[in-house]
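What follows is a short report on a single structure.
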Amino acid sequence: MTPLPPNDRIFVLQLVQLSRRFGDTLAVAGADLTIVRGEMVGIIGRSGAGKSTLLRLINRLIEPSSGRIVADGVDVTALRGAALRAWRARTAMIFQQFNLVNRLDVLTNVLCGRLNHMSAWRVLFKRFTPAERVLAIRTLDRFGLAEVALKRADALSGGQQQRVAIARALLQEPAMLLADEPISSLDPVNAKAVMDALLDINRTDGITVLVNLHTLDTARAYCRRIIGMSAGRIVFDGPPEGLTEDVLHAIYGDDVAEHP
Amino acid sequence: MSLHLADIAPTDIAAQRIRTPTAFGPGTGTKVLRWAVVLLAAGYFGYLLWLFEFGKLFTGLPRLWTIVRLMLDWTGFADWDHAELLRSMLETVAMAYLGSMLAFAFALPLGFLGARNVIPARVFRFITRRLFDGMRGVDQLIWALVFVRAMGLGPIAGILAICVADTGVLSKLFAEAIENTDRKQTEGVTATGASFFAVLRMGVLPQVLPVTIGQTLYQIESNSREATILGLVGAGGIGLRLSERIQINAWDQVAYAIVLILIAVALIDTVSRWLRMRLIG
């Protein structure tokens, strides 16, 4: 089994000619990318451009058709079994639809972030340690959610659920946060709260953040580095200032106006 | 061009008949066939009445009337063995409860093994699904007859019969519930680096548990009704007492036992419906 670099040393993540094919369509086509610890990267593009597939490939929820993912020299695409699950724990995901377990309470959902470190026996009886519970409560408190800790997840508003999902991700003590359209299902106020939370995690905790965004303004406001995707290809990689009319046209085609 | 009924001449009718014969109702052949089918069905019905000697209906009616009269005569109420009847009634309910709970315990893991999203291997799933069908397809009563032969008279046979038949029913229902779980919720757990077992425990089980409990409660309810019949073939409970009393023509006590069954079933129905509403809602 390939040993993974310790969590605090995942410094450089490289994608090498990474591709994923679904039937006849190339969802991600030969992506080459280098991401350094501590960056906050916004990925923009039309729906179907391959943004979501790219993040799922990095977390290994989806297997690549070809190409490699390399973390500090270790080939992540070769990981299997426990090593693969440890990798997933280090690259925490946030989803557009939050993907919380509806019938579990908020606290248990957050504690799910610890599952990678638990024995089957502890999982079976939900035996989380007192220290894990304290960490979960404090993380919820950080996002102003401590008082809803014992409510069922589906009793919360979308904005609250997304922050619960972020708390779950933080319990994984990840090196990287992969956020797939985290604000697309939210109203503007909640969207801002969630983006502020991601930025705070990036600044305060030093966790790398890769975030898929539908709207250009949000990407410009929060990210110093922007990656533009179109039809599975990376067509732009640079600071927001580099997003000229021509570049935006290459990313969005004729739909530029629909992505303010 | 306007059409009027008065304008239609016999020649028009003859011409139309040739062009569109089916517009004038079924042909002679069809009519004959229809009558033949009706006569055959009526003839078979009459033959069966003769074959099964339905004349007995009239000679038997007075006896049926006697039985009803005996059933309504409860003057001996104080002398009946109330303790035994009540104990048997409780035994029937206990059989239904124990049989269903054991079935739940077996069906939960089996349900996972029979679900497409847990075991993608088609061959394995085919075998587990046919196993469920086998347990389900054979009626509880048949299982009861088998287990009475093997274990002797008494509630153990009834409990086993309920357990086996219900394991088949519940496993199938659970497997389907597991296949219908929301993929987004399980994906969220998988992405944390949880093991397959942890995903099933924390992602799938919370989604299906209320459904499985609801279905098991319903089985307890319906088994309390059906366990009576199991008693008739010797598998314990009030049914056994019922059959004994029918054999000795103690019709008043038969009626009493039936009333007890109705009360018990109504009670269990109410409690179980209330519990299900609480658990699933």
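The numbers here are math on the coordinates, done by the rules we state, and not lab data. All values derive from a computational prediction rather than experimental measurement. With ideal geometry, Cβ positions are generated from the backbone for all residues, glycine too; neighbour counts draw on all protein chains shown.
Regarding region B:72-279, what's the average projected area of the Cα-atom convex hull, expressed in nm²?
Seen from a random direction, the Cα hull of region B:72-279 projects 13.5 nm² on average.
Along the charge dipole of the protein assembly as shown, which of B:Ser243, A:Phe125, B:Leu279 sits closest to the positive end, that is, farthest toward it, with unit charges on the beta carbon of Lys, Arg, Asp and Glu (+1, +1, -1, -1)?
Going by the Cα projections, it comes out as B:Ser243.
Need one number: the % of Cα-Cα pairs in region A:70-183 sitting beyond the 20 Å mark.
Roughly 42 percent, once rounded to a whole number.
So how far, in whole Å, is the C-alpha centre of region B:63-134 from the one of region B:223-281?
The distance from the Cα centre of region B:63-134 to that of region B:223-281 comes to 11 Å.
Would you compute, for the Cα atoms of region B:2-54, the largest minus smallest coordinate along each principal axis and list the three values in descending order, in whole Å?
64, 19, 15
Which of A:Glu181, A:Glu245, A:Glu132 ends up with the largest GNM mean-square fluctuation for chain A, with Cα atoms connected below 10 Å?
Residue with maximal mean-square fluctuation among A:Glu181, A:Glu245, A:Glu132: A:Glu245.
Please give the charge dipole size of the protein assembly as shown, origin at the Cα centre, charges +1 on K and R Cβ atoms and -1 on D and E Cβ atoms. Round to the nearest 20 debye. Provide the component values of the computation, followed by the final result.
Values: 56 positive and 47 negative charges, 217 e Å.
Charge dipole, the protein assembly as shown, about its Cα centre: 1040 debye, nearest 20.
Treat every Asp and Glu Cβ in region B:229-281 as -1 and every Lys and Arg Cβ as +1, leave all other atoms uncharged, and give the resulting dipole magnitude about the Cα centre to the nearest 20 debye.
The calculated dipole for region B:229-281 is roughly 280 debye.
Give me a comma-separated list of calculated 3J(HN,Hα) values for region A:208-223, in order, Karplus coefficients 6.51, -1.76, 1.60 applied at θ = phi - 60°, integers in Hz, x for any Gly or Pro.
4, 10, 10, 10, 7, 10, 8, 9, 5, 4, 4, 4, 4, 6, 10, 10
Sequence neighbours fewer than 8 away in the same chain don't count; with that in mind, list the aspartates and glutamates whose C-alpha is under 18 Å from A:Lys151.
Result set, ordered by chain and number: A:Asp105, A:Asp141.
For B:194-205, what's the mean count of beta carbons from other chains sitting within 10 Å of each residue's beta carbon?
Values: counts 12, 9, 1, 4, 11, 3, 1, 6, 11, 5, 1, 4.
Average neighbour count from other chains, rounded to a whole number: 6.
Would you mind checking the radius of gyration and Dmax of chain A based on alpha-carbon positions, in Å?
Calculated on Cα positions, Rg and Dmax stand at 18.2, 57 Å.
When the dipole is taken about the Cα centre of chain B, and only Lys, Arg (+1) and Asp, Glu (-1) are charged at their Cβ, what size is it in debye, to the nearest 20? Display every interim value, and only then the final one.
Working: 25 positive and 20 negative charges, 189 e Å.
That gives chain B a dipole magnitude of about 920 debye.
Among A:Leu26, A:Pro240, A:Ala89, pick out the residue whose Cα is farthest towards the positive end of the charge dipole of chain A, where Lys and Arg carry +1 and Asp and Glu carry -1 on C-beta, about the Cα centre.
Of A:Leu26, A:Pro240, A:Ala89, it is A:Ala89.
Hey, any idea what Rg/Rh is for region B:38-99, computing Rh the Kirkwood way over Cα pairs?
1.32
From the phi of every residue in region A:20-31, what ³J(HN,Hα) in whole Hz does the Karplus formula 6.51 cos²θ - 1.76 cosθ + 1.60 yield, where θ is phi - 60° and glycine or proline is x?
9, 10, 10, x, 8, 9, 8, 6, 10, 10, x, 7
Please list the radius of gyration and Dmax for the protein assembly as shown, considering alpha-carbon atoms only, with Å as the unit.
35.2, 103
Viscosity 1.567 mPa s, temperature 4 °C: what is the translational diffusion coefficient of region A:119-260 from Stokes-Einstein with a Kirkwood Rh over Cα pairs, rounded to a whole number of µm²/s?
Answer, rounded: 76 µm²/s.
Between A:Ile43 and residues 5 or more places away or on another chain, which pairs have amide H atoms under 5 Å apart, with H built 1.01 Å from N, and which residues are they?
A:Val211, A:Asn212, A:Leu213, A:Ile227
Mind listing the long-range amide H neighbours of A:Arg233? Cut-off is under 5 Å, sequence gap 5 or more, other chains count too, H placed in the peptide plane at 1.01 Å from N.
A:Ala29
Quick one: what do you get for region A:30-77 if you divide its Cα Rg by 2.2 N^0.38 Å? Could the numbers behind the result be given before it?
On the way: Rg = 11.4 Å, N = 48, 2.2 N^0.38 = 9.6 Å.
Dividing the Cα Rg of region A:30-77 by 2.2 N^0.38 Å gives 1.19.
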